[in-house]
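Take a look at the following structure, please.
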Amino acid sequence: QVQLVESGGGLVQPGGSLRLSCAASSRIFSINAMGWYRKPPGKERELVARITRAGSTYFASSVKGRFTISRDNAKNTLDLQMNSLKPEDTAVYYCNSDPPDWNWGQGTQVTVSS
């Protein structure tokens, strides 16, 4: 079973930046489209960004222009650079394939607050 480990979250002020990283336990990144998801407090989990094997990207309208996604197939890592963070970006962030095929990891908490 693939294990996904997210890291890089924390507390940041509005307008700040964070970079999230996801590491996978096996060589999956070269096979699937990968995505970052988030679950805000009291809401459903949603897809935030996706990157295909070929490097094509998709961003939810709420983060477009502020977030970028990248992957390193050789290292089995997936990153999410988040800039100009807003309080509404507060959530637990997860990585998984798109659509999600594997068990969810623990996620990493991002809190945007002054």
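The values are calculated or read from the model by the stated rules, or taken from the named source; none is laboratory data. Fair warning: this is a prediction, and the values are worked out from it, not measured in the lab. Ideal geometry is used to build each Cβ from the backbone, glycine not excepted, and the neighbour counts take in all protein chains shown. For the accessible areas, the whole protein counts, side chains as well, though only heavy atoms, and no ligand, DNA or RNA atoms are used. Shrake-Rupley method; radii C 1.70, N 1.55, O 1.52, S 1.80 Å.
Please find, within the stretch 55-85, the residue that is surrounded by the fewest Cβ atoms within 10 Å (Cβ to Cβ) out of those that are touching a strand residue (DSSP E or B) at 6+ places or on another chain (Cβ under 6 Å) and part of a loop (DSSP other than H, G, I, E, B).
Restricting to residues being touching a strand residue (DSSP E or B) at 6+ places or on another chain (Cβ under 6 Å) and part of a loop (DSSP other than H, G, I, E, B), the top hit is A60.
Between a first residue in the stretch 22-43 that is of a type in the set (D, E, K, R) and a second residue that is assigned to a strand (DSSP E or B) and open to solvent by 10 Å² or more (accessible area, probe 1.4 Å), which pairs have beta carbons less than 6 Å apart while being 6 or more apart in sequence or on different chains?
K39/V92
Looking only at the stretch 25-54, which residues are open to solvent by 20 Å² or more (accessible area, probe 1.4 Å) and more than 14 Å from P99 (Cβ to Cβ)? Write out each step before concluding.
The first filter runs over the stretch 25-54 and keeps only residues open to solvent by 20 Å² or more (accessible area, probe 1.4 Å), leaving 25-27, 30-33, 39, 41-47, 50, 52-54.
Residues satisfying the conditions are S25, S26, R27, S30, K39, P41, G42, K43, E44, R53, A54.
Next up: Return the residue satisfying two criteria in turn: it lies in the stretch 81-105 and is of a type in the set (S, T, N, Q) and under 19 Å from I31 (Cα atoms), and of such residues it is modelled with the highest pLDDT.
The selected residue is N96.
Looking at the stretch 95-107, which of its residues are open to solvent by 30 Å² or more (accessible area, probe 1.4 Å) and within 17 Å of A33 (Cβ to Cβ)? Give the steps one after another, and end with the answer.
Filtering the stretch 95-107 for residues open to solvent by 30 Å² or more (accessible area, probe 1.4 Å) gives 98-104, 106.
Hits for the stretch 95-107 are D98, P99, P100, D101, W102, W104.
Name the single residue that is modelled with the lowest pLDDT among those in the stretch 1-24 being open to solvent by less than 60 Å² (accessible area, probe 1.4 Å) and farther than 21 Å from L85 by Cα.
Ranking the candidates gives V2 first.
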